């Protein structure tokens, strides 16, 4: 049997600040299976981004244990087991689209011909062929975020960690990217951990939705989605989708997110 | 065509220059008149304003020479003499510019190395920074002769000691600018590099260095101008052998104000050329780095 992509037990994280300690994560228990599309949803301050950063070894937990791909987060990072997509595209403005896609490959010591091939391939995955020589500022916000996703795919990581990747985009572009990204995921079936504060986004994309609540940051509920695999945006009008959204909202309410 | 003329800086600059020249001519009459009037009275010559004006703009050793006298002198000492002649401003300008450029090179390199050290080594940040700031509070005119004499006593003369003075002045803006520049990357970019397990050298060359480029050019523009000042100051205590500084010094020994002014104007033209050269390089580099044209 294959190991889980992520396993967290009794995870705790306390930030020491000047006035008082902040309990960012408390008693977090979570298993993420390989091939899952998991969303963390909750209001700001519920620790969803912190949890993602712990998985990525960008924060160290103060208690409990966490295993990523069967090893510690640090080893997983050293093995370059995950690609991270930030809230903003975080492209280097002095590099072209192609240059940005090649950045991780250069750092990982992949030879030039292979770099070009992979950059081309991942640009194709996000439907941006022909934009290789453009600089980031010449692209719209949605296109920049697509490049950023393509950059995380160039080195073919097993795990994709995404921190509100579509949060800064307008709703029309966001819908478009949601559908596009779902198609992409259905093709490559990577494990995706996705942070969002949009209920429709979480319900539409995920196989499982983890509802979180603030002060202290904790998991309230894990909801399995039963939506069919090849769904389109139209599914959001169906009773099944509305029921799922309702369950997420109930979960958030149970965590006093609306108080 | 009219729009381009309106948007360009040609008209404002010419108006300012015309205004300065006007004041200059008036000032030449005003400042030179006491000497002339004194002379007229001793020689008991008839004089009126027109004669005063003409004489004030044509004195051999005026308090303030008129612009055309300086231009005439510059024409003579730049265009009419062989460039190897000791009386050619091209020769002296070259002496100054060569030590300026060597000093600028040393200073910029030193500035960058110090900045890298300060950014990467916390101990250096705490220990070196106060010394760097203290180094700039010492008046350069006081320390320049000591550098020249000190290096001269161990057999180093000519270009090198002057370059050291230039370097001493121009490493400072580079260090200050580059410390800020190398620390300028977005935290999100630093996190990104961390997710790739990028080494220190990868983070430096692929992120910190390119992020600091605008800061580097801002510093270099300041540096190259003060490097020229350093070179001229370095020429003053060196026995007035060669260079624009030497021309200034000999000019003041012999009361040759016209010579002083031509050397001064030469120096400022050189400084302007150097800064514009830097701006041109900056434009090319930033354009290559995808910057929008300013």
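How many angstrom lie between the Cα centre of the stretch A:99-130 and the Cα centre of the stretch B:198-266?
Between the Cα centres of the stretch A:99-130 and the stretch B:198-266 lies a distance of 44 Å.
Would you kindly give the portion of the calculated P(r) for the stretch B:89-288 that falls above 28 Å, as a percent of all Cα pairs?
I get 36 percent for the Cα pairs in the stretch B:89-288 exceeding 28 Å.
Antiparallel as a % of all DSSP beta bridges within chain A, to the nearest 5?
Restricted to chain A, the bridges split so that about 50 percent are antiparallel.
Given a cut-off of under 8 Å on Cα pairs at least six residues apart, what relative contact order in percent is computed for the stretch B:200-294?
26
Starting with the highest mean, order B:175-185, A:181-191, A:82-92 by the number of other Cβ atoms within 10 Å, averaged over the residues of each peptide.
Answer by packing, highest mean first, reads A:82-92, B:175-185, A:181-191.
Just how far, in whole angstrom, is the stretch B:1-32 from the stretch A:163-195 if you go by their alpha carbon centroids?
Each part's Cα centre sits 61 Å from the other's.
Sorting check: for A:240-253, B:26-39, which peptide has the highest mean count of neighbouring beta carbons within 10 Å, and how do the rest follow?
Per-residue mean Cβ counts within 10 Å order the peptides as A:240-253, B:26-39.
Pairs of alpha-carbon atoms within less than 8 angstrom and 6+ residues apart define the contacts here; what relative contact order does the stretch A:89-156 have, in percent?
52
For the stretch B:54-115 and the stretch B:118-182, what is the separation of their Cα centres, given in Å?
25
Taking every pair of alpha-carbon atoms in the protein assembly as shown, give the share separated by more than 34 Å as a whole percent.
Summing the P(r) tail past 34 Å for the protein assembly as shown gives 59 percent.
So, R0 is 45 Å and r is the distance between the beta-carbons of residue B:82 and residue B:3; what FRET efficiency does that work out to, to 0.05?
Once the sixth-power term is evaluated, E becomes 0.45.
With the Cα gyration tensor of the stretch A:17-75 giving a ≥ b ≥ c as the square roots of its eigenvalues, does the rule (a/c under 1.5 for rounded; else a/b larger than b/c for prolate; else oblate) give rounded, prolate or oblate?
In terms of gyration-tensor shape, oblate.
Quick one: helix B:89-120 against the long Cα principal axis of chain B, what's the angle to the nearest 10°, folded into 0 to 90?
30
Which angle between 0 and 90 degrees, to the nearest 10, do you get for helix A:171-188 versus the longest principal axis of chain A when only C-alpha atoms count?
Roughly 80 degrees, rounded to the nearest 10.
For peptide A:84-97, what's the mean number of Cβ atoms from other chains within 10 Å of each residue's Cβ?
Taking the mean over all residues of the peptide, I get 4.
With axes computed from alpha carbons, what is the tilt in degrees of helix A:239-254 against the longest principal axis of chain A, rounded to the nearest 10 within 0 to 90?
With rounding to tens, the tilt is 60 degrees.
What does the helix-only formula give at 222 nm for chain B: each DSSP H stretch with n ≥ 4 adding -39500 (n - 2.57), the total divided by the residues, and the result rounded to the nearest 500 deg cm²/dmol?
Computed ellipticity for chain B at 222 nm equals -25500 deg cm²/dmol.
Return a whole-number percent for the relative contact order of chain B, with Cα pairs under 8 Å and 6 or more residues apart as the contact set.
Answer for chain B is 21 percent.
Please report the antiparallel percentage of DSSP beta bridges with both residues in the protein assembly as shown, rounded to the nearest 5.
50
Averaged across the residues of B:186-192, what count of C-beta atoms belonging to other chains lies within 10 Å of each residue's C-beta?
5
Every number here is computed from the coordinates shown, using simple stated rules; none is lab data. From a predicted model like this one, the values you see are computed outputs, not experimental measurements. As a convention, Cβ positions derive from the backbone with ideal geometry for all residues, glycine included, and neighbour counts pool all protein chains shown.
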